[in-house]
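Participant: Once you've had a glance at the structure underneath, I'll fire off some questions.
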Amino acid sequence: MSNLAAYCPPVNSGAPPPATSATTNKRPPPSSSFSANNFNDDNPEDDQEEQQTELKRRCIDYHTPAVLDLTSRLYRKSNRRSHALPGGAGLAYPYLQCHTNYIKWMGLPLGEVGSSRGGDPIPSTAFLTHLAHVTRAKNSSPVMCLSWTPGGRRLLTGNQEGEFTLWDGINFSFELIMSAHDTSFRCMAWSHNQNYLLTSDGGGNIKYWSPSIAPVQSIDSHDGQAIHALSFSPADTKFVSCGDDATVRIWDWAGRREERVLEGHGWDVKCVQWHPRSSVICSGSKDNLVKLWDPRQGGCLSTLYGHKNTVTKVAWNDNGNWLLTASRDQLIKLYDIRAMKELCSLKGHHKEVTSIAWHPIYETVFASGGMDGTLIYWNVGPKGSEEPAVKIPFAHDMAIWDM
């Protein structure tokens, strides 16, 4: 009760509230004579300031319901622990509640999102078809890459002018714009521990950034050619880059030095991604090939010949078994690397596929974006199909470069 009293003091109805620094220092309201003599009704700047103060933007707070859920949620006990209960009754105490000291370590029940009364999850709840908000930058430069900050409250974008733009993810307002690169942004990637950010540009420059978006280090590589993709190793000790010099390069994170150069592509390498748990790197090139590399030995493990045009994106599924590839031939292919077998070839885009991203919760759901601004949701699970689950034409006016 002592802690609650500090936040909720009792209301004293008989006596006036005690004077505080805020109440004692408050200035009295202006008198009528002052406002009549000194206020100018014809000043447009005053009217504009009043309109700005009265403007109320729509606000969406994602964190308050999450905290309420953590503090009030009950956790079901496992049936395997029924022998430890008094009398061995498995249903005597079916629920537990986390101690307040351990709430900060608990995660949201993402596995039960969209489930029907504890049954199997419903992937269709992941198909977001309603346009929530449109935010436009002050300049008309195309946005080449984007990423949420580790806290999830802000969105970071990089444009073709080499500028960082920071957006508030709660009320969708513009916060900050700063110059980061001399040439156009190409990609940005957070480390798995979310302590650092990597960015690259069209001039072969890689930069380290702290979570507060402060520059830490700058590296020039790939012979001054554009660096299209960056990806961290599972342990965050190394990262990989690819560029228009037809090479894939492995870097030591702490030493900030190049360790190995992987050569084997015959043209510009457009995409690269490290396996989520293993020592395998996947890259896609303008020579229509997808290659799997061993970063320790520096050799090519396998080559996939499924596409007939430039491979624009590759993406590992979090299960570590599925590999998704997208190309300018308007096709998306799904591979099972355990058998090096193509599971399906997905047709739905009428222009080249420029971006793909797996859903963070549902294993079988992913989204793809095209050069014509079309956004498509796919479900490749047992209850899915090779046809698009949801198709949103003209989701953007131009190409969807990242998601």
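Participant: Among the residues of segment 212-230 satisfying the criterion of being more than 21 Å from the chain's Cα centre (by Cα) and of a type in the set (Val, Ile, Thr), which is surrounded by the most Cβ atoms within 10 Å (Cβ to Cβ)?
Facilitator: Top of the filtered list is 219.
Participant: If I go through segment 231-244 residue by residue, how many of them are open to solvent by less than 30 Å² (accessible area, probe 1.4 Å) and either under 18 Å from the mean Cα position of the chain (by Cα) or within 13 Å of residue 268 (Cα to Cα) (or both)?
Facilitator: 7
Participant: Follow-up. Condition first: surrounded by 17 or more Cβ atoms within 10 Å (Cβ to Cβ), under 13 Å from residue 199 (Cβ atoms) and not hydroxyl-bearing (Ser, Thr, Tyr). Now tell me which residues in segment 144-184 satisfy that.
Facilitator: Residues satisfying the conditions are 144, 145, 146, 156, 158, 159, 162, 163, 164, 180, 181.
Quick grid of which residues meet (1) under 21 Å from residue 358 (Cα atoms); (2) over 26 Å from the mean Cα position of the chain (by Cα); (3) at pLDDT 95 or above:
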{"position": "258", "(1), (2), (3)": "no, yes, no"}
{"position": "263", "(1), (2), (3)": "no, yes, no"}
{"position": "273", "(1), (2), (3)": "yes, no, yes"}
{"position": "279", "(1), (2), (3)": "yes, no, no"}
{"position": "296", "(1), (2), (3)": "no, yes, no"}
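Participant: Condition test on residue 246, is it aliphatic (A, V, I, L, M), touching a residue at least 12 places away in the same chain (Cβ under 8 Å) and farther than 22 Å from residue 312 by Cα?
Facilitator: Judged against the criteria, residue 246 is not a match.
Participant: Something else: Give 101, 171, 193 a once-over and let me know the one that is within 25 Å of residue 363 (Cβ to Cβ), out of contact with any Phe, Trp or Tyr (no Cβ under 6 Å at 6 or more places or on another chain) and at pLDDT 65 or above.
Facilitator: Selected residue: 193, the only one of 101, 171, 193 that is within 25 Å of residue 363 (Cβ to Cβ), out of contact with any Phe, Trp or Tyr (no Cβ under 6 Å at 6 or more places or on another chain) and at pLDDT 65 or above.
Participant: Could you go through segment 308-328 and let me know if any residue there is among the aromatic types (Phe, Trp, Tyr), surrounded by 13 or more Cβ atoms within 10 Å (Cβ to Cβ) and out of contact with any Asp or Glu (no Cβ under 9 Å at 6 or more places or on another chain).
Facilitator: Taking every residue of segment 308-328 in turn, at least one turns out to be among the aromatic types (Phe, Trp, Tyr), surrounded by 13 or more Cβ atoms within 10 Å (Cβ to Cβ) and out of contact with any Asp or Glu (no Cβ under 9 Å at 6 or more places or on another chain).
Participant: Still on this structure, I have one more. May I ask you to list pairs of residues, at least six apart or on different chains, whose Cβ atoms are under 9 Å apart, with the first in segment 206-230 being over 23 Å from residue 269 (Cβ atoms) and the second being buried (at least 20 other Cβ atoms within 10 Å of the Cβ) and of a type in the set (Ser, Thr, Tyr)?
Facilitator: 209/199
Participant: While we're looking at this one, here's another question. If we scan segment 384-400, do we find a residue that is β-branched (Val, Ile, Thr) and either within 20 Å of the chain's Cα centre (by Cα) or open to solvent by 50 Å² or more (accessible area, probe 1.4 Å) (or both)?
Facilitator: Yes; the residues of segment 384-400 include at least one that is β-branched (Val, Ile, Thr) and either within 20 Å of the chain's Cα centre (by Cα) or open to solvent by 50 Å² or more (accessible area, probe 1.4 Å) (or both).
Participant: Conditions first: (1) part of a loop (DSSP other than H, G, I, E, B); (2) touching an Asp or Glu at 6+ places or on another chain (Cβ under 7 Å); (3) more than 24 Å from residue 403 (Cα to Cα). Residue 301 passes all but one, so which condition is the exception?
Facilitator: (1)
Participant: Answer yes if at least one residue in segment 196-203 is open to solvent by 40 Å² or more (accessible area, probe 1.4 Å), more than 27 Å from residue 138 (Cβ to Cβ) and either aromatic (Phe, Trp, Tyr) or modelled with pLDDT under 90 (or both), and no otherwise.
Facilitator: Yes: one or more hits.
Participant: Inspect all residues belonging to segment 370-382 and state whether any of them is closer than 24 Å to residue 146 by Cα, under 19 Å from the mean Cα position of the chain (by Cα) and of a type in the set (A, V, I, L, M).
Facilitator: The answer is yes, given that some residue of segment 370-382 is closer than 24 Å to residue 146 by Cα, under 19 Å from the mean Cα position of the chain (by Cα) and of a type in the set (A, V, I, L, M).
Participant: Moving to a separate point now. Here are 313, 383, 347, 351: which of them is basic (Lys, Arg) and closer than 25 Å to residue 241 by Cβ?
Facilitator: Step by step, each of 313, 383, 347, 351 is checked, and only 313 is basic (Lys, Arg) and closer than 25 Å to residue 241 by Cβ.
The values are calculated or read from the model by the stated rules, or taken from the named source; none is laboratory data. Quick caveat: nothing in here was measured; it's all calculated off a predicted structure. No Cβ is skipped: glycine too gets one built from the backbone with ideal geometry, and neighbour counts run over all protein chains shown. To get the accessible areas, we keep the full protein, side chains included, count just its heavy atoms, and leave off ligands, DNA and RNA. Shrake-Rupley method; radii C 1.70, N 1.55, O 1.52, S 1.80 Å.
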